[in-house]
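Everything on this sheet refers to the single structure shown next.
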Amino acid sequence: MAATIPTLKELYDSIITQLETDLQISIPVFGKIFIRAIAAVWAAKLKIYYLAIANVQKNIFVDTAETEAIGGTLERFGRVKLGRNPFPARNGEYNITVTGTPAATIPAGATWKSDDANANPGKLFVLNSAHVQVTVSDTILVEALEGGADSRLFVTETLTATAPIVNIDSLATVAAEVVDPAEAEDIEDYRRKAVEAYQLEAQGGAGSDYRIWSADAQGVERVYPYLKSGTENQIDLFVEATIADSIDGKGTPSAGLLTDVQEVVEFDPDITKALEDRGRQPLTVNQIFYTAITPLDVNITISNFVGLTPALTTLIANTLEALILEIRPFVASADVEANRNDEISVNKLVAAVQDVIPGSTKFDTLTFTVNAVPIPISNQFLNGDIPNYNTLVIT
């Protein structure tokens, strides 16, 4: 049972009442009554004790633990069960094409800045090892100075050297992405993965194992493993990226992330284990198809709304977006039936709106589409189909 933290006044009043009972007196409210001053001091001390007890209680459970940055134990639970701390931001690495005179040297530490026409302009990239030009046009590997997707480059984008390099042109072109950039892992995503690791028992290749294994790949939000339709011993593993690490802001993973998932599903990344203990893919599984999820846009229309205000519009939009974000395909071998939430219905959306609007407001109808298809009653999301909150129109 959670500790109930009384207010300072409740503690003070309790102490005064106890003193009056024990001493068989009535302590005056006014005047130089030192007992009331003492009671106020005791109340403040007791408040600190209650807060300390509540903090300890919060940090003995993974689902409520605070981060170590503020004295909590969340990362300790994660290290025990996930075997790692939250992923830090990962710097992208890119092959870029530079032109110049053969035998010219590009020194280590040389930097380039992404040009204004790029998707992410003004970002810096560094050459970590000196390069001697072999031909007129060479490819070198540079690393972003900032981690995360905000420094992502795309093939054919251009960069400009921040300082002149003898016999080397200032302009360079992106040839390939070698290492995907990734955002630092959100602490609540880390908590959810730790909770799942405690809840899901390893079963030698059940759906829950794929959830646990995939959590070792940075940038994964969740995976959905299914037996591939019409086959035996083959699996479709649908991968959903975190919004920050997706290529479209809807959860679609990059090709690099799919490769990362394949690596951790087939081979434990924990290098402290013996090599023969690191294999993961069950022998009975012939093939795993690592597939990106398919985001399906959900557009909602509310008609004849009476009493609408800008603040109410924002509240309704936030409520519906949060509701849709929680709806995901159900995997029988990995999810709890009681927590099943794989369907959007008109009734569910109406109920969510009615829960947040004042009684003085009303509307006539609510309709929605999934992937531009009108849904009269409800829509269930299966396999790799993921709902994506797209638009809300209120008239």
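Computed from the coordinates by the stated procedures, all read-outs in this text should not be read as laboratory data. Remember, predicted model here, so these are calculated numbers, not experimental data. When we count neighbours, we look across all protein chains shown, and the Cβ atoms used for this are built from the backbone with ideal geometry, even at glycine.
Under 5 Å between amide hydrogens, built in the peptide plane, is the criterion, and for residue 178 it picks out 93, 94, 95 among residues at least 5 positions away or on other chains.
Note on the stretch 295-394: percent of Cα-Cα distances in each 5 Å bin, starting at 0 and stopping at the bin with the largest distance, equals 2, 12, 25, 24, 16, 11, 6, 3, 1, 0. Listed from fewest to most Cβ neighbours within 10 Å, the set 201, 185 follows the order 201, 185. Note on residue 17 and residue 49: the extension gain reaches 9.5 nm, defined as 0.36 nm multiplied by sequence separation minus the Cα-Cα distance. Close amide H contacts of residue 228 (hydrogens built in the peptide plane, cut-off under 5 Å, sequence separation of 5 or more or a different chain): 234, 235, 236.
Its residue count N sets the reference 2.2 N^0.38 Å, and the alpha-carbon radius of gyration of the chain equals 1.35 times that reference.
Scattering from the stretch 8-81 was approximated by placing one identical point on each alpha carbon and applying the Debye formula without solvent; log10 I(q)/I(0) at 0.13, 0.16, 0.23, 0.28 1/Å stands at -0.55, -0.65, -0.96, -1.19. Think of the chain as having a plus end and a minus end, set by charges on the Cβ of Lys, Arg, Asp and Glu; of 298, 60, 149, 60 sits farthest toward the positive end of this dipole.
With 22 Å as the limit on Cα-Cα distance, the pairs of 228/348; 81/273; 58/81; 9/45 that go past it are 228/348. Here the residues 214, 151, 170, ranked from fewest to most Cβ neighbours within 10 Å of their Cβ, fall in the order 170, 151, 214. Where the alpha-carbon atoms of the stretch 1-149 are placed on the principal axes, they occupy 99, 39, 25 Å, in descending order. Compared with the direct C-alpha span, the chain from residue 383 to residue 186 gains 68.4 nm at full extension, assuming 0.36 nm per residue.
The Cα-based radius of gyration and maximum Cα-Cα distance (Dmax) for the stretch 91-179 are 11.8, 35 Å.
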